[in-house]
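The values are calculated or read from the model by the stated rules, or taken from the named source; none is laboratory data. The shown structure was predicted, so the numbers you read here are calculated from the model rather than taken from an experiment. No Cβ is skipped: glycine too gets one built from the backbone with ideal geometry, and neighbour counts run over all protein chains shown.
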Amino acid sequence: MAIIKTEAITLRTTDFSDTSQVLQFLTGSDGVVSALARGSKRPNSPFQGAIDVLTLNEIVYYQKRSSLHELAEVDQITTFPGLRCDVSRVYCASYAVELVYLLARDTHHPKELFDLLRTTLYTIERSRTLPQTVISFEIAALRVAGFEPMLDHCTSCGGAIRNQGCTNFSPLQGGLLCSSCSAEVTDALPVAPGAVSIARALAGGISKPARVKISPKQAIDLRILLDRFIETTLGSRLKTKQYLSRI
């Protein structure tokens, strides 16, 4: 039985019994790890408060042959306090955690996904441009998982897509379509002028969203496109998505 020590972000908690919980962490070494925290619900448990969702911890667990390991120690690094004083930040962080949980099933790069989520949670704590931050995170997370939408060329013919004018986006084909190919695709969604250049700018990294100006209409348009693309790609609808309209 190996003993593993690693940084971990708590994604989910589920009651296992009257006194214990099963926790799901995102780690940089093994992706999503499920661990049983025995006695975590008892008064004065060493785990109490340290394993809440949206906390960054250093954990030690016993790696078992089954998919359920056993938590031994938790040393809390941060609770991301800046998130908890603003409900909009909680919404954004909760959405980020749910998306990462789903993407982590398919990624071969858990370290990149862990680093991205950790950086994103720190960024959400202080961001003054939450819509841009969320969109930038989504594109980056999709890229790490191998699902990045194509924003430079037509996904059908490979032709270049200019920033000017209207174009279309196909969730099924995974990116933008030129005007010629749009007529042949049944799920083509219109993309408003300027939205393409904004999406490309936000794809530049989670540290850059504050520099990108975006109107409420453009934010709504990009939100619709990303929602449809993520649902089509993952085959499921995120429960926390409904909260993004409130930020």
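Looking across region 213-243, the residues that are of a type in the set (Val, Ile, Thr) and either surrounded by fewer than 18 Cβ atoms within 10 Å (Cβ to Cβ) or closer than 20 Å to GLY146 by Cα (or both) come down to ILE220, ILE224, ILE230, THR232, THR233, THR240.
Take the conditions (1) surrounded by fewer than 17 Cβ atoms within 10 Å (Cβ to Cβ); (2) among the hydrophobic types (A, V, I, L, M, F, W, C); (3) in contact (Cβ under 8 Å) with a residue 40 or more places away in the chain; ILE51 misses just one of them, which is (1). Count of region 127-157 residues, restricted to those that are in a loop (DSSP other than H, G, I, E, B) and either under 16 Å from ALA188 (Cα atoms) or outside the structural domain of ALA183 (by TED's automatic domain parsing) (or both), is 6. The set of residues from region 130-176 being under 17 Å from ARG118 (Cα atoms) and among the acidic types (Asp, Glu) comprises just one member, GLU138. Residues in region 158-176 that are part of a strand (DSSP E or B) and buried (at least 18 other Cβ atoms within 10 Å of the Cβ): THR167, ASN168, PHE169, SER170, GLY175, LEU176.
From the list LEU68, LEU102, the one residue that fits, being over 23 Å from PHE229 (Cα atoms) and surrounded by fewer than 21 Cβ atoms within 10 Å (Cβ to Cβ), is LEU68. Of all residues in region 177-207 being among the polar types (S, T, N, Q) and farther than 26 Å from LEU116 by Cβ, which is surrounded by the fewest Cβ atoms within 10 Å (Cβ to Cβ)? Among those that are among the polar types (S, T, N, Q) and farther than 26 Å from LEU116 by Cβ, it is THR186. Every condition in (1) charged (D, E, K, R); (2) within 26 Å of the chain's Cα centre (by Cα); (3) assigned to a loop (DSSP other than H, G, I, E, B) holds for ARG65 except the one numbered (2).
If the condition is being free of Cβ contacts under 8 Å to residues at least 40 places away in the same chain and in a helix (DSSP H, G or I), then region 91-121 contributes ALA93, GLU112.
Among the residues of region 128-154, those identified as among the hydroxyl-bearing types (Ser, Thr, Tyr) and either in contact with a His (Cβ under 8 Å, 6 or more places away or on another chain) or surrounded by 21 or more Cβ atoms within 10 Å (Cβ to Cβ) (or both) are THR133, SER136.
Against the list (1) touching a residue at least 12 places away in the same chain (Cβ under 8 Å); (2) part of a helix (DSSP H, G or I), the condition PRO193 fails is (2).
Once region 18-48 is narrowed to residues that are part of a strand (DSSP E or B) and of a type in the set (Val, Ile, Thr), the residue that is surrounded by the fewest Cβ atoms within 10 Å (Cβ to Cβ) is VAL22.
ILE59 meets each of the listed conditions (1) among the β-branched types (Val, Ile, Thr); (2) at pLDDT below 95; (3) surrounded by 15 or more Cβ atoms within 10 Å (Cβ to Cβ) apart from (2).
Apart from one condition, ARG246 fits all of (1) without any contact (Cβ under 8 Å) to a residue 60 or more places away in the chain; (2) exposed (fewer than 13 other Cβ atoms within 10 Å of the Cβ); (3) at negative phi; the exception is (1).
Filtering PRO149, PRO131, PRO171 for residues that are under 27 Å from ARG89 (Cβ atoms) and in contact with a strand residue (DSSP E or B) (Cβ under 8 Å, 6 or more places away or on another chain) leaves a single hit, PRO149.
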